[in-house]
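We did not get these values from a lab; they are worked out from the coordinates using the rules stated. Just so it is clear, the model here is predicted, and its values are computed rather than measured. Methodologically, a virtual Cβ is constructed for each residue, glycine included, from the backbone with ideal geometry; neighbour enumeration extends over all protein chains shown.
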């Protein structure tokens with residue numbers, strides 16, 4: 001009798017174990033199915049967002065070509081202020097397109113040690129020389145891949161500010177786009193000159209040549225720039241070497257984002273995409 005009860009108990013435990021295992025397997029299968037469905041949905045929505053972003057990038061390219069193809073005094077300077085012209089275009093309504101000039105930020109990979117020191121001094125760092133040497137030492141080992149990598153050399157920095165002033169994008173410093181702190185990295189450009197350039201940009205428009213600076217500042221600042229004019233002209237430009245175009249779009253609910261990033265350069269009356277990244 002007792003052996004019969006034992007067998008019944010064993011049978012019951014076995015049945016419970018089988019049912020429990022089946023439940024776990026079923027739940028796992030359902031979870032896997034949901035995950036697979038979710039992954040498929042994400043891929044589909046990302047693809048849709050990618051094509052929307054690419055469509056807006058192509059629209060922006062068409063707008064830029066139209067701007068550059070017009071033969072007039074205004075269009076001759078359009079490349080310097082391209083972001084303003086594109087941003088006001090009705091053809092891009094509904095698109096999230098942002099243009100940033102190469103050279104609006106200081107390229108930490110190509111800037112000389114002196115330029116880095118001048119920049120760090122302009123943002124108020126008392127250890128400007130030490131920081132500049134740290135950056136040079138870092139890039140001698142390996143090209144700095146991202147501005148965020150610089151956080152290893154200083155932990156007492158407001159990176160929200162520095163991220164908007166430094167870059168790893170190649171390009172001479174753009175006189176028409178760079179802020180005061182970046183302009184001061186140019187050899188021979190005093191604080192007075194940098195502020196005068198920005199003030200002239202706001203009130204009149206960007207300068208078309210570095211020579212125009214001499215009429216905007218004191219003789220003292222003018223002489224300092226004159227002494228280093230050749231160096232300054234090598235690392236600065238009135239017309240940006242390139243523009244970085246970033247187009248972002250979303251699809252689905254919850255939304256999945258995709259971004260198209262282009263580096264574009266001017267070729268006569270049109271632009272050429274020289275680098276394309278999709279994220």
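The figures follow:
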quantity	calculated
15 Å reach of a label modelled at residue 110, 7 Å along Cα-to-Cβ, counting backbone N of the range 162-176	166-176
Neighbour-count ranking [beta-carbon atoms within 10 angstrom, fewest first] of 186, 278, 193	278, 193, 186
Burial ranking of peptide ranges 77-84, 251-258 (average Cβ count within 10 Å, highest at the top)	77-84, 251-258
Residues residue 96 and residue 223, FRET efficiency given R0 of 35 Å [Cβ-Cβ distance, rounded to 0.05]	0.15
Linear extension gain, residue 191 paired with residue 51, 0.36 nm per residue minus alpha-carbon span	45.9 nm
Extension reserve of the residue 133-residue 199 stretch, reckoned as 0.36 nm per residue once the Cα distance is removed	20.6 nm
Shape category assigned to the range 82-132 from the gyration tensor of Cα positions, a/c cut at 1.5	prolate
Exposure proxy order (Cβ contacts within 10 Å, fewest to most) of 214, 120	214, 120
Exposure proxy order (Cβ contacts within 10 Å, fewest to most) of 112, 100	112, 100
Shape category assigned to the range 112-262 from the gyration tensor of Cα positions, a/c cut at 1.5	oblate
Theoretical gain in end-to-end length, residue 69 to residue 214 [0.36 nm per residue, Cα-Cα removed]	49.0 nm
Whole-angstrom gap from the range 213-279 to the range 105-126, using each part's C-alpha centre	18 Å
Highest to lowest packing among 170-181, 259-270, 232-243, scored as the average C-beta count within 10 Å	170-181, 232-243, 259-270
Ranked packing of 154-164, 45-55, most packed first, by mean Cβ within 10 Å	45-55, 154-164
